[in-house]
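To start, the structure under review is shown below, and the notes come after it.
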Amino acid sequence: MEKIRLTVEELPELETEVAVAGSVKQQEVGGVICLAIAAGIVLGA
Amino acid sequence: MIVGEELKAWTRDRDAQRVTRADVDAFAQDWNRGPVHRRLEDAMASLPVPTTAAQVAEAVSALFADHDWVDELVAALARRMQADPFFDPPFRNLSTDLHAGLLVFEDERVSIAVGVTSALQMAVRKNQPRGATSVGFNGQLGVYRFVKAGGATLSFWEAPPIGPGFTAAGAGLCRRTGERRIADGEILVIDGRRESYVVEGLQGSFVLLQASIAVDQAPLSVEYDSATGRFVGCSATGDTSSRIQMITTLLRKLDHQPAFEAIAGFLDHPDFFVRWHVMKELLGLDLQAALPHLKRMAATDPHPDPRRAARAVLDRIEAPARPGGKRAA
């Protein structure tokens, strides 16, 4: 039997939007070195 | 990058490549079996189970009291690289535009890195025109030994603690709490779940020994605007959460129905953003099967954001159908 599905892209996002590990929105001003960011974790597109 | 005749010769010489590879492997073996690595392993193995971030920090601080091994390690690497320009240190490379480092120890409790922050690059960054900048709270307790402080002046910052219930709306403001010059050899313990630092000035490059403690880490690292102190954004602290999100999306895009129950197993994940992500993928796979989970999330999820989002979807589903058989958007 055909499943009923919702279109994921049309579902609401959380008010607290969380980016993938190691990403930043603005340039870091020059402080604590986050090893995850420095390691350049690549999780794919 | 090594270019020219030397590289051309090396790329054509399988024996030379084998020698380089053998040297790299031998170095890694020596390091992994050597006294420093063993001391780190023994210290971590002797911690109680379960252990706390503070206990890991205490053990690491004791190990950081002796840092002669940093000079020895750097000297040993330099010798190998002088002897063979194609020798690639067998450590994960950590680099930003300001900092170059090597990850010398890693287990499930702590990652330890040695690195240099360049005074020149720092000056370039501080003096060039740039857009908005952030103070980052990395979500982990950290121990920092400034092996050579380079005359660094640091400012210190605080923000509301980042916990499992963190919300953008309740992020509050970060604030500067002080500033001082750091001495050579000084050890700082910075709780990245509520504290951070910014390098305000440098007279020379500094050499830093850094331990980032994964035990009791916050689910998020958080950015605040350095000028206004306002919340800018956040990202997952660990890559496990992000990988779960990617894999569940892939399974849904492949319409892999047998994975439904396995994906639903992540609805109890400690990170709120993983729970909602998984919920969306389940709704994209099979609405009827996902509906009981959606109702439970709307009623009982401990975080307000997934509760609100789940409620919004339920309201949409339960809205009376419009004439023509379509439901209200």
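The values are calculated or read from the model by the stated rules, or taken from the named source; none is laboratory data. Note that the structure is a prediction, hence the values are computed from the model and not measured. As a convention, Cβ positions derive from the backbone with ideal geometry for all residues, glycine included, and neighbour counts pool all protein chains shown.
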Enumerated strands (runs of 3 or more DSSP E) restricted to the range B:50-155, each holding at least 1 residues that are at pLDDT below 90 and either at negative phi or in contact with a Leu (Cβ under 6 Å, 6 or more places away or on another chain) (or both)
B:92-95, B:99-106, B:110-117, B:133-137
Confirm whether B:G185 is in contact with a His (Cβ under 9 Å, 6 or more places away or on another chain), within 18 Å of B:F272 (Cβ to Cβ) and surrounded by fewer than 19 Cβ atoms within 10 Å (Cβ to Cβ).
no
Mind listing whichever residues of the range B:175-207 are closer than 12 Å to B:Y144 by Cα, outside any strand (DSSP E or B) and under 19 Å from the mean Cα position of the chain (by Cα)?
B:G192
Applying the selection to the range B:257-272, what residues are assigned to a helix (DSSP H, G or I) and touching a residue at least 40 places away in the same chain (Cβ under 8 Å)?
B:F272
So B:G192 clears everything in (1) crowded, with 20+ Cβ neighbours inside 10 Å; (2) more than 8 Å from chain A (Cβ to nearest Cβ); (3) more than 18 Å from B:H99 (Cα to Cα) except one condition, right? Which one?
(2)
List the number of the failed condition for B:M279; all other conditions in (1) surrounded by fewer than 21 Cβ atoms within 10 Å (Cβ to Cβ); (2) in contact with a Pro (Cβ under 9 Å, 6 or more places away or on another chain) hold.
(1)
B:T249 fails exactly one of (1) in the same structural domain as B:A123 (by TED's automatic domain parsing); (2) touching an Asp or Glu at 6+ places or on another chain (Cβ under 9 Å); (3) surrounded by fewer than 18 Cβ atoms within 10 Å (Cβ to Cβ), namely (1)
Got at least one residue in the range A:26-39 being facing chain B (nearest Cβ under 7 Å), at pLDDT 60 or above, in a strand (DSSP E or B) and under 23 Å from B:H277 (Cβ atoms)?
no
All conditions in (1) touching a Phe, Trp or Tyr at 6+ places or on another chain (Cβ under 6 Å); (2) farther than 21 Å from B:P302 by Cα are true of B:L220 except (2)
Residues (buried (at least 17 other Cβ atoms within 10 Å of the Cβ) and away from chain A (no Cβ under 11 Å)) located in the range B:195-205:
B:S205
Quick check, is B:R79 within 24 Å of A:G22 (Cα to Cα), without any contact (Cβ under 8 Å) to a residue 24 or more places away in the chain, basic (K, R) and surrounded by fewer than 16 Cβ atoms within 10 Å (Cβ to Cβ)?
no
